[in-house]
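Since every read-out is calculated from the coordinates, none of them should be taken as a lab result. Remember, predicted model here, so these are calculated numbers, not experimental data. All Cβ positions, glycine included, derive from the backbone under ideal geometry; neighbour counts span all protein chains shown.
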Amino acid sequence: MEIKKVGVVGCGLMGHGIAQVSAQAGYDVVVAEASQEKLDSGIGKITKQLGRAVEKGKMEQDAADEILGRIQGTLDLEDFADCDLVVEAVTEDLDLKLEIWKKLDEVVKDEAYFATNTSSLPVINMAAATNRTEQFLGLHFFNPVQVMPLLEVIQSVTTGTDAIDVGLGFGEKLGKKTVHTKDKAGFIVNRLLVPYLLDGIRGLEEGIGSIDEIDAAMKAGAGHPMGPLTLADFVGLDTLMSISNVMYDEFRERRFAAPPTLRKMVAAGFYGKKSGRGFYDYSGDKPVSVNPGL
Ligand SMILES: NC(=O)c1ccc[n+]([C@@H]2O[C@H](COP(=O)([O-])OP(=O)(O)OC[C@H]3O[C@@H](n4cnc5c(N)ncnc54)[C@H](O)[C@@H]3O)[C@@H](O)[C@H]2O)c1
């Protein structure tokens, strides 16, 4: 089946990006939020991004208007009835996601494909809540969606090859580098990245170096664009902790367990860049490292 209309549930950090890149690729898009305020905020972000592209001469005003014209905002999932593909990007909460999938399964046409953008929940748990387990897959985008090239296309135990082909084709049309992977906690990127970030924090606890030294060492010695503690702040320390909890539950290996320093920083509300403080303080012109007081 050719995908023409894409539904996106959630217009937050990820959802607004997914809606934007889908409309930019020529799809008709309907995007749903839980409140008018959140919807306005998400669509406002898309409008701003497109406006910036026009200002920089990267896009004509007409093209930006056309892209925005292809995006319909709604508060009602009934508007997803004629979607060919629905991508869900709501808050990482299984009960919330299950409720949304059950509703979508009732209202969206039977041939449509369903995809979740979850970072850590098992795709099969959501697929099993619908009557289209073969048409259900994971499409894991990276933040910011407009910039990051990767799309992980996730096959659960029930996902059919048709659905994988739809996911791969969709990703290619969005200009993404697609990688086909399996429904195991963390997929490929977080499976490798999360233990590395946690080890950066454990290294700090064990005194192998200061925050600045650990970050500088991985930049200069491993060629990484940023060190692990800076990257942890970018991911969000609360997000990192919740992903690591899910991975630890699944694999029961120490390398996935959140170190005490991470737990304490999250308890203190130090979530990283988004909250203004993590391993660095972001209130000034330049981030300044702050010893978490181990
Ligand atoms: N943040 C990341 O780096 C990242 C990367 C890849 C995947 N993800 C995954 O993407 C999903 C969304 O994460 P996010 O970072 O965009 O979170 P977010 O909090 O920015 O956005 C989630 C949005 O879902 C909305 N929402 C809640 N209930 C809803 C409902 N009933 N109907 C419609 N919308 C509803 C919220 O209002 C919110 O705007 C999560 O599953 C997360 O694991 C996040």
Practice problem: Quote the relative contact order of the range 78-184 in percent (integer), defining contacts as alpha-carbon pairs under 8 Å separated by 6+ residues. | Solution: 22 percent
Exercise. Search the structure for amide H atoms under 5 Å from the amide H of residue 137, placed 1.01 Å from N in the peptide plane, and list their residues when 5 or more places away or on another chain.
Key: 114, 115, 116
Self-check item: Formal net charge of residues neighbouring residue 221 (Cβ-Cβ distance under 15 Å; K, R +1; D, E -1)
Solution: -3
Quiz item: From the residues 63, 85, 6, which one has its Cα farthest along the dipole of the chain in the positive direction, the dipole being from +1 and -1 charges on Cβ of Lys/Arg and Asp/Glu about the Cα centre?
Solution: 63
Quiz item: When the Karplus curve 6.51 cos²θ - 1.76 cosθ + 1.60 is applied with θ = phi - 60°, which whole-Hz ³J(HN,Hα) does each residue of the range 93-102 get, with x for Gly and Pro?
Solution: 9, 4, 4, 4, 5, 4, 4, 5, 5, 5
Exercise. Round to the nearest 10 and give me the degree value, 0 to 90, for the angle of helix 189-206's Cα axis relative to the longest principal axis of the chain.
Key: 20 degrees
Quiz item: Based on the Kirkwood radius over alpha-carbon pairs, what value in µm²/s does the Stokes-Einstein equation return for the translational diffusion coefficient of the range 190-280 at 37 °C and 0.692 mPa s?
Solution: 253 µm²/s
Quiz item: Given the options 172, 33, 253, which has the most mean-square fluctuation in a GNM of the chain, springs set between C-alpha atoms less than 10 angstrom apart?
Solution: 253
Practice problem: Calculate the spin-label point distance for residue 128 paired with residue 34, positioning each point 7 Å from the Cα along the beta-carbon direction, and give it in nanometres. | Solution: 2.5 nm
Exercise. Please list, in chain and number order, the residues 5+ apart from residue 72 or on another chain whose amide H is under 5 Å from its amide H, with Hs placed from the backbone.
Key: 29, 30, 31
Practice problem: Only Lys, Arg, Asp and Glu count, each charged at its Cβ (+1, +1, -1, -1), so figure out the dipole size of the chain about its Cα centre, rounded to 20 debye. | Solution: 980 debye
Self-check item: Inter-probe distance in nm under a simple model that places probes 7 Å from Cα toward Cβ, at residue 274 and residue 81
Solution: 3.5 nm
Practice problem: Between residue 212 and residue 283, take the C-beta separation as r, use R0 = 25 Å, and let me know the FRET efficiency to the nearest 0.05. | Solution: 0.90
Exercise. Using the Cα centre as the reference, give the magnitude of the dipole from point charges on the C-beta atoms of the range 190-280 (Lys, Arg: +1; Asp, Glu: -1; all else neutral), rounded to the nearest 20 debye.
Key: 180 debye
Practice problem: Taking H placed 1.01 Å from N in the peptide plane, check which residues at least 5 places from residue 289 or on another chain put their amide H under 5 Å from its amide H. | Solution: 281
Quiz item: In whole angstrom, how far apart do the alpha carbon centroids of the range 130-167 and the range 36-108 sit?
Solution: 18 Å
Quiz item: So between residue 1 and residue 224, what do we pick up on full extension, going 0.36 nm a residue minus the alpha carbon distance?
Solution: 76.2 nm
Self-check item: residue 74/residue 94 FRET efficiency (R0 35 Å; Cβ-Cβ; nearest 0.05)
Solution: 0.90
Self-check item: Calculated from backbone phi, Karplus (6.51, -1.76, 1.60) coupling profile of the range 143-159 in Hz, x at Gly/Pro
Solution: 8, x, 4, 5, 10, 6, x, 7, 10, 7, 9, 9, 9, 8, 5, 9, 4
Quiz item: What does the helix-only formula give at 222 nm for the chain: each DSSP H stretch with n ≥ 4 adding -39500 (n - 2.57), the total divided by the residues, and the result rounded to the nearest 500 deg cm²/dmol?
Solution: -14000 deg cm²/dmol
Quiz prompt | Highest-MSF residue in the chain out of 221, 12, 276 [GNM, Cα springs under 10 Å] | solution = 221
Quiz item: Along the charge dipole of the chain, which of 193, 24, 294 sits closest to the positive end, that is, farthest toward it, with unit charges on the beta carbon of Lys, Arg, Asp and Glu (+1, +1, -1, -1)?
Solution: 294
Quiz item: Mind listing the phi-derived Karplus ³J(HN,Hα) values for the range 237-248, rounded to whole Hz, using 6.51, -1.76 and 1.60 with θ = phi - 60°, and x for any glycine or proline?
Solution: 5, 5, 5, 4, 5, 5, 5, 5, 4, 5, 5, 5
Self-check item: Extended-chain gain in nm, criterion 0.36 nm per residue less alpha-carbon gap, residue 255 and residue 62
Solution: 64.4 nm
